[in-house]
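Everything on this sheet refers to the single structure shown next.
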Amino acid sequence: MSNSNVAAISNLGALDAAHHLHPFSDMKKLNATGTRIIERGEGCYIFDNHGKRYLDGFAGLWCVNVGYGRKEITDAVMRQMNELPYYNTFFGTTTPPAVLLAQKITAHAGPNINRVFFTGSGSEANDTWFRMARVYWGAMGKPTKKAIIARKNGYHGSTVAGASLGGMKWMHEQGDLPIAGIHHIDQPFWYAEGGDLASDEFGLKMARQLEEKIDELGEDNVAAFVAEPIQGAGGVIVPPATYWPEIARICKARNILLVADEVICGFGRTGHWFGHQHFGVEPDLAPIAKGLSSGYLPIGGVMVSDRVGNVLVEEVGDFNHGFTYSGHPVCAAAALENLRIIEDEKLVERVHDDIGPYLAAGLKSLEDLPIVGQVQQVGLMAAVQLAEDKASRKRFEDKEKVGVTVRNHCLENGLVLRATGDRMLFSPPLVISHAEVDQMIDITRKGLEHAWKVMTA
């Protein structure tokens, strides 16, 4: 490496502090501590600018499903770049990758989902279905059906509509959110909020809040209910088994659209192509992103059921919505190759039958530690709930401190995890090996033991 390159790299931290505003960051604190600079990735590992290797237990940001360094994807991107680097899908045009990608996605979505509207991200996808649902009901002669019901502690992106749909209070505090017409019900978080109820009873109770909210708002005023099959940013909260069937029943009985936010759960993470398939329900609309391209290039979309799609096509006319990069040909080419890899390497089946159960067994072994209150896992999406007293489900008063203590110890020892309060979150690439899972569990165990000593000192 030349002296000039060395100097440039050593100066990146200073340049970052001077010019780069990071998402969801206290920039004053970050600039004081310095930014971690990640230079390259290979398989399930990332490497910083000092050459330190980290096992990425979070697949970037829930998204690098096929792992880093897949030359097949970069080759597909290069071919498309050389052939057609960009064209839009406005004004009666399309490109081959966009068409083929739409077909490929719907081939895995079930018989009642046959259309996709492309966006540049999951946040844009949530804005898109939000408008689409209102347009649908207007075309159906029910223009008053505009209200959306979502969940507290849910996450649906950072755009104005996406952040409003999400139930994160600390996001609503900035920007005068939520916008009008969005309402929230409680989350199905049994460990924290279930009290003395059995898990199945609690699941039904939480689901039936939806019906109560519909009654409060009036059925003729409610357009849709939206939720993640498994809450991601909220803490990988897996709902009780009774929850989703009851939600689906209520939506059907009360004539409101069911929206499953598949941005995190989609493309194999749960051991099914989509999270709603794990729970046996069929959504009317489903935003997608992340695993669609394994993060290699930004792309998202909305899967549209025939119920909604047929009305949009036959009744609406112009749907006045779209993005410059809707169906971007290079991003679509990356996504197509990514899905080919998932299919050819049978990664969805692998998560369901092999590596998902292997991760589950590894995490369950941590339950012998006094700090572990509960483990929740579906496929390669999991959470370890930290507890001060596991017998009573008593949580640490300083939830942030205990989670950050575990996360930082793991990071120092070469493992990237995410802490959401007092829940440690796991979302590794779908290609992770048994040996790498063993490594992840070993480092996590040491991090948990360290945090217990810190918190009980």
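Please report the antiparallel percentage of the DSSP beta bridges confined to segment 72-344, to the nearest 5.
Details: 11 of 23 bridges.
Antiparallel bridges: around 50 percent, rounded to the nearest 5.
Using only DSSP helix segments of four residues or longer, with each worth -39500 (n - 2.57), what per-residue ellipticity at 222 nm results for the chain after dividing by its residue count and rounding to 500? Don't jump to the answer; show the numbers that get you there.
Numbers: 19 runs with 191 residues, N = 457.
The helix contribution divided over the chain gives -12500 deg cm²/dmol.
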Farthest positive-ward along segment 205-319 dipole, Cα basis, beta-carbon charges - from Val302, Tyr243, Val313 = Tyr243
note = Under the Karplus relation with 6.51, -1.76 and 1.60 and θ = phi - 60°, whole-Hz ³J(HN,Hα) for segment 250-256, x at Gly and Pro, equal 5, 4, 5, 5, 9, 6, 10
key: the chain: relative contact order as a whole-number percent, Cα under 8 Å and 6+ apart   = 20 percent
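Quick one: grab the alpha carbon gyration tensor of segment 193-291, order the square roots of its eigenvalues as a ≥ b ≥ c, and give me rounded if a/c is under 1.5, else prolate or oblate depending on whether a/b is larger than b/c. Intermediate results must be reported in sequence, preceding the final value.
Working: a/c = 1.99, a/b = 1.21, b/c = 1.65.
Oblate is the answer for segment 193-291, as a/c is 1.5 or above yet b/c matches or exceeds a/b.
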remark   = Across all Cα atoms of the chain, Rg and the largest Cα-Cα distance (Dmax), in Å, are 22.2, 69
query = Under a straight-distance cross-link criterion of Cα-Cα below 13 Å, which aspartates and glutamates are reachable from Lys453, leaving out those fewer than 8 residues away in the same chain?
reply = Glu388
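Quick one: putting +1 on the C-beta of Lys and Arg, -1 on the C-beta of Asp and Glu, what dipole do you get for segment 72-344 around its Cα centre, in Debye to the nearest 20? Spell out each step's value before the answer.
Values: 21 positive and 31 negative charges, 54 e Å.
Charge dipole of segment 72-344: 260 debye, to the nearest 20.
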request  = Please name whichever of Gly195, Asn31, Trp273 sits farthest to the positive end of the charge dipole of the chain, dipole taken about the Cα centre and charges placed at Cβ: Lys and Arg +1, Asp and Glu -1.
outcome  = Asn31
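Which longest run of the chain has no exposed loop site in it, a site being GluC sites (Glu not before Pro) in a DSSP loop with at most 16 other beta carbons within 10 Å, and the site itself not part of the run? Please report the intermediate quantities before stating the final value.
On the way: sites that count: Glu173, Glu345, Glu397.
Between exposed loop sites, the widest span is 1-172.
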query = What size of dipole, in debye to the nearest 20, comes out for the chain about its Cα centre when the only charges are +1 on Lys and Arg C-beta atoms and -1 on Asp and Glu C-beta atoms?
reply = 480 debye
request  = Report, in whole Å, the centroid distance computed from the Cα atoms of segment 123-137 and segment 172-209.
outcome  = 22 Å
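Under a Cβ-only charge scheme (Lys and Arg +1, Asp and Glu -1), can you give me the dipole magnitude of segment 1-125 about the Cα centre, in debye to the nearest 20? Intermediate values should be presented prior to the final figure.
Numbers: 11 positive and 10 negative charges, 28 e Å.
Using only the charged Cβ atoms, the result is roughly 140 debye.
Just so you know, all these numbers are worked out from the coordinates, no wet-lab data involved. Note that this is a predicted model, so its numbers are computed, not measured. All Cβ positions, glycine included, derive from the backbone under ideal geometry; neighbour counts span all protein chains shown.
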